[in-house]
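Data first, discussion second: the structure below is written as structure tokens.
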Amino acid sequence: MLPSPSPDALSHSQRISQLIRAELDAHHGWINFARYMELALYAPGLGYYAAGAAKFGTAGDFVTAPELSPLFGRTLAHQVAQVLAHSGGDILELGAGSGKLAVDVLLELERLDALPASYCILEISADLHARQHACIAAHAPHLLERVQWLTALPVAFNGVILANEVLDALPVHCVQWKAQQCFERGVVWNGERLDWASRELTSGTLWQTMHALPVGSSVASSVYSSEINLAAAALLRALAESLACGALIFIDYGFPQAEYYHPQRHMGTLRAHYRHHALDDPFTLPGLCDLTAHVDFSAVAAAAVDAGLQLSGYTSQANFLINVGITGLLMQTDPTEAAAYLPQTNAVQRLISPAEMGELFKVIAFNKNLAMPWVGFSRGDRTHTL
């Protein structure tokens, strides 16, 4: 049983549903799922990330690593400091969510005497911009003057680009392989609600991508559903063009290609998230649910290399955080102070446990014009699995 939306929230969902139905009418009753996801998440003033409801933390729809513990951002700051020591420059965070990661990274860099001149945040949502500003003003007011909000990527950026749970929120194309044929799953109005409808593909970029994946021959007598994220490749090309010298660090949940398209994962990875419930139906309460798909890190790595970046490392979140020193930071809290120590211990357990976020979440990094050993990939590097 899902929590019931308030009358205002339900009215909001109905308005974005009307927008999507108008989009369907303008395209002969069918749009691909990537377009639906783009509208549901990012339509100005109406999309999930563009509107004003709480999204992060216990009061929202899901909890991200920065909300679990400040030790996540503090640990990441140590890797950032190492990169900045070699590259110089600033920090650019893509989609900074609640602003909590920016606060924790900035405060730890201050403790390390490694603050950059600027911490830039690329944010397309006016609502999230305001929330981030309020968070930084409340928890690190003396550092607020270093923070800049951008609406476009900078030119010739030097430093570190951070993206925590960004790739999973990019619009994906939903696809199916059926008896050696390729189909794209799209969205229609069935008279009562939004619903799925597939169209066969015979050419184009999506068709070519599907034919290059190790899936078709294994589903000759069955149906295999999955997602393809073409937007990630476009984002990486733009980031590679923007970056002059430095590194990109992506943290997200997903798998290398062999695991992503495993025969047992034949239903795909697309999920909707509403008030800490994971839903299989992406048409539930449009505009009130987050929509995500797991990341194919092999495709991300290939797109980055094609764009002119070099792969720095790839490993689990657990390996990365332990390598960079999260356990040492935890021990800075006095174990005899149970009220402070136990919650942090529980949070670190969630961040690094294989049964929680430690194995599902991965860290992948790329560099441009930067040669250095990465402490985060010093043990347990898995680039060979890509």
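Assorted remarks:
- In the stretch 117-130, the residue that is modelled with the highest pLDDT out of those that are farther than 15 Å from SER242 by Cβ and buried (at least 20 other Cβ atoms within 10 Å of the Cβ) is TYR119.
- As for the stretch 329-345, it holds no residue that is over 19 Å from the mean Cα position of the chain (by Cα), open to solvent by 40 Å² or more (accessible area, probe 1.4 Å) and modelled with pLDDT of 95 or more.
- Some residue of the stretch 272-282 being modelled with pLDDT under 95, touching a Leu at 6+ places or on another chain (Cβ under 9 Å) and within 21 Å of GLU359 (Cβ to Cβ): yes
- Wholly within the stretch 256-354, strands (runs of 3 or more DSSP E) carrying at least 1 residues that are aromatic (Phe, Trp, Tyr): 271-274, 310-316
- Residue within the stretch 247-260 that is open to solvent by 10 Å² or more (accessible area, probe 1.4 Å) and charged (D, E, K, R) present: yes
- Contact map, the stretch 191-214: residues that are modelled with pLDDT of 95 or more paired with residues that are acidic (Asp, Glu), Cβ distance under 6 Å, separation 6+ or inter-chain. Pairs shown: ARG199/GLU184; LEU201/GLU184.
- Some residue of the stretch 138-158 being at pLDDT below 95 and either open to solvent by less than 50 Å² (accessible area, probe 1.4 Å) or in contact with a strand residue (DSSP E or B) (Cβ under 7 Å, 6 or more places away or on another chain) (or both): no
- Members of the stretch 34-51 that are open to solvent by 40 Å² or more (accessible area, probe 1.4 Å), in contact (Cβ under 8 Å) with a residue 60 or more places away in the chain and over 16 Å from the mean Cα position of the chain (by Cα): ARG35
- Across the stretch 92-115, the qualifying residues are those that are touching a residue at least 60 places away in the same chain (Cβ under 8 Å) and open to solvent by less than 20 Å² (accessible area, probe 1.4 Å), and the one among them that is farthest from PHE377 (Cα to Cα) is GLY97.
- Selected residue [assigned to a helix (DSSP H, G or I), within 17 Å of the chain's Cα centre (by Cα), closer than 30 Å to HIS78 by Cα and without any contact (Cβ under 8 Å) to a residue 24 or more places away in the chain] from ALA238, ALA234: ALA234
- Qualifying residue in the stretch 69-91 (condition: modelled with pLDDT under 95, open to solvent by 40 Å² or more (accessible area, probe 1.4 Å) and among the hydrophobic types (A, V, I, L, M, F, W, C)): no
- Among the residues of the stretch 11-33, those that are under 22 Å from ARG275 (Cβ atoms) and either free of Cβ contacts under 8 Å to residues at least 12 places away in the same chain or exposed (fewer than 12 other Cβ atoms within 10 Å of the Cβ) (or both) comprise SER11, GLN14.
- Comparison of SER87, SER125 shows that the only residue that is of a type outside the set (A, V, I, L, M, F, W, C) and under 27 Å from PHE320 (Cα atoms) is SER87.
- Condition check for ARG185: surrounded by fewer than 17 Cβ atoms within 10 Å (Cβ to Cβ) and part of a strand (DSSP E or B): no
The values are calculated or read from the model by the stated rules, or taken from the named source; none is laboratory data. None of these values were measured; they are calculated from a predicted model. Note that we place each Cβ from the backbone using ideal geometry, even for glycine, and neighbour counts take in every protein chain shown. Each accessible area value is taken on the protein alone, full model and side chains, heavy atoms only, with ligands, DNA and RNA left out. Shrake-Rupley method; radii C 1.70, N 1.55, O 1.52, S 1.80 Å.
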